[in-house]
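Shown next, in structure tokens, is the structure this report addresses.
The values are calculated or read from the model by the stated rules, or taken from the named source; none is laboratory data. As the structure is a prediction and not an experimental result, all values here were calculated from the model. When we count neighbours, we look across all protein chains shown, and the Cβ atoms used for this are built from the backbone with ideal geometry, even at glycine. Ligands, DNA and RNA are excluded from the accessible area calculation, which covers all protein heavy atoms including side chains. Shrake-Rupley method; radii C 1.70, N 1.55, O 1.52, S 1.80 Å.
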Amino acid sequence: MAKKLDDKDRSIELLHSEIKAAHNKLKQQRLPQSSHTCITVEEENISSIPRKKQKQSESKKPKKGNLVMTKMEKVTSMEFHNEKSPKLLSLAVDEADNMFTADQANKCIKCFDRNGETKWVSPLDNTPYNVSLINNERYIAVTMVNSKSLDILRTDDGIKVKDVEHGVACPCPGLSVCDDTLVICDCNTKNIYIHKIMPDYKLVRMHTISLQQGKPPLTYPHYVHVIPSRKVLVSDYDTNTVQAFTFQDNHIFTYGMAVSGSEAFQPYGVCTDAEDNILIADHGGNKIIQLTPDGQLIKKHLFEEDSPAFYALTVAKERLYLIATDESCAFVAPLTAL
């Protein structure tokens with residue numbers, strides 16, 4: 001009787017061993033789970049940004065469709081713990097690929113490294129709207145919702161070093177910095193104010209651009225970008241246009257008027273590359289618009305219908321960075337893919 005039990009025990013142990021071996025083999029075949037996803041896409045294929053609630057498929061292939069960028073380097077998910085769902089509407093990137101973003105929902109500025117890991121979080125008294133690097137990337141300037149001042153933070157640790165008066169109080173004060181020129185967009189007065197940054201970070205107002213001179217007149221400007229050739233680009237929420245002006249208040253061009261009524265166009269963030277070509281985040285049309293420096297269309301880079309909507313974008317080291325508020329992630333691609 002004891003011998004029969006021993007044989008039975010050995011049979012059970014053998015069965016357990018076989019099950020364990022099969023389980024390990026299956027586990028090795030599965031894709032590793034990670035909050036930082038790397039995606040490479042072949043030409044004429046498209047791969048959507050992974051959604052948080054989407055189940056991962058072991059054999060899912062990229063869908064055929066409109067190609068945005070042939071080589072999507074990475075999609076970095078930004079993890080947020082024990083706080084409200086973030087609302088990220090602005091983005092700045094330094095030469096080390098550190099990403100700085102203003103989180104309106106949690107009233108703070110956050111810095112992430114190139115892998116999406118949090119480096120620091122700087123709580124603020126007011127609600128931030130826009131961020132821009134200044135002084136050779138040693139500091140970051142932050143505009144606040146309905147506040148007449150901006151905060152100056154250190155980029156290495158997020159410590160606030162100064163509070164600077166600029167005199168503009170509106171719900172969405174757009175901000176852009178180029179060398180010693182700081183530009184703020186006021187959606188209340190429909191003006192763009194151009195300042196010179198002094199050594200003590202005091203702002204001296206040099207020019208005022210009236211957006212009523214726009215074609216059509218801008219009624220709710222919210223994102224602005226200044227370029228070295230002393231020109232300013234601004235996107236308008238109401239007229240759904242991107243317009244360019246000189247510092248002397250001269251209108252240069254309008255993009256958006258020729259967009260057909262059936263094609264959605266809702267411009268948010270705007271920036272330029274090293275050749276002054278213009279890139280626009282089309283929040284409503286789910287694409288990136290690429291223009292020549294004088295506003296002529298180069299190409300529309302389409303995204304899949306179910307990809308997140310992009311709000312802000314910037315160019316650093318020949319890479320295009322975009323922020324997707326709905327998914328709390330940054331999308332990065334080489335400019336050569338455009």
Worksheet entry | Unmet requirement for Asn277, which otherwise passes all of (1) open to solvent by less than 10 Å² (accessible area, probe 1.4 Å); (2) touching a Leu at 6+ places or on another chain (Cβ under 7 Å) | (1)
Discussion item. So the check is Cβ under 9 Å with 6+ separation or different chains; which pairs have a first residue in segment 179-207 that's more than 20 Å from His222 (Cα to Cα) and hydroxyl-bearing (Ser, Thr, Tyr) and a second one that's open to solvent by less than 60 Å² (accessible area, probe 1.4 Å) and part of a strand (DSSP E or B)?
Written reply: Tyr201/Ile134; Tyr201/Tyr139; Tyr201/Ala141; Tyr201/Ile152; Tyr201/Val164
Practice prompt. Kindly provide the set of residues from segment 158-179 that are exposed (fewer than 14 other Cβ atoms within 10 Å of the Cβ) and within 21 Å of the chain's Cα centre (by Cα), ordered by number.
Written response: Pro171
Worksheet item: Do we find that Pro199 is open to solvent by 50 Å² or more (accessible area, probe 1.4 Å), farther than 20 Å from Ala102 by Cβ and at pLDDT below 95 in this structure?
Response: yes
Response to the item:
Among strands (runs of 3 or more DSSP E) entirely inside segment 127-227, those with 2 or more residues being more than 22 Å from Gln104 (Cβ to Cβ) and of a type in the set (Ser, Thr, Tyr) are 203-210
Item to complete: Tell me which of these Tyr223 doesn't satisfy, since it passes every other one: (1) over 21 Å from the mean Cα position of the chain (by Cα); (2) in contact (Cβ under 8 Å) with a residue 60 or more places away in the chain.
Response: (1)
Discussion item. Of all residues being among the polar types (S, T, N, Q) and within 15 Å of His283 (Cβ to Cβ) in segment 223-259, which is surrounded by the fewest Cβ atoms within 10 Å (Cβ to Cβ)? Just the residue, please.
Written reply: Asn240
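Looking at this structure, is Asp113 open to solvent by 50 Å² or more (accessible area, probe 1.4 Å) and not aromatic (Phe, Trp, Tyr)? Please lay out each step first, then the result.
Details: open to solvent by 50 Å² or more (accessible area, probe 1.4 Å): no; not aromatic (Phe, Trp, Tyr): yes.
No: the conditions fail for Asp113.
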Discussion item. All but one of (1) over 24 Å from Pro123 (Cβ atoms); (2) surrounded by 15 or more Cβ atoms within 10 Å (Cβ to Cβ) hold for Lys215; state the number of the condition that does not hold.
Written reply: (2)
Practice prompt. Please specify each residue of segment 175-195 satisfying the condition of being over 17 Å from Met206 (Cβ atoms) and touching a Ser or Thr at 6+ places or on another chain (Cβ under 8 Å).
Written response: Lys190
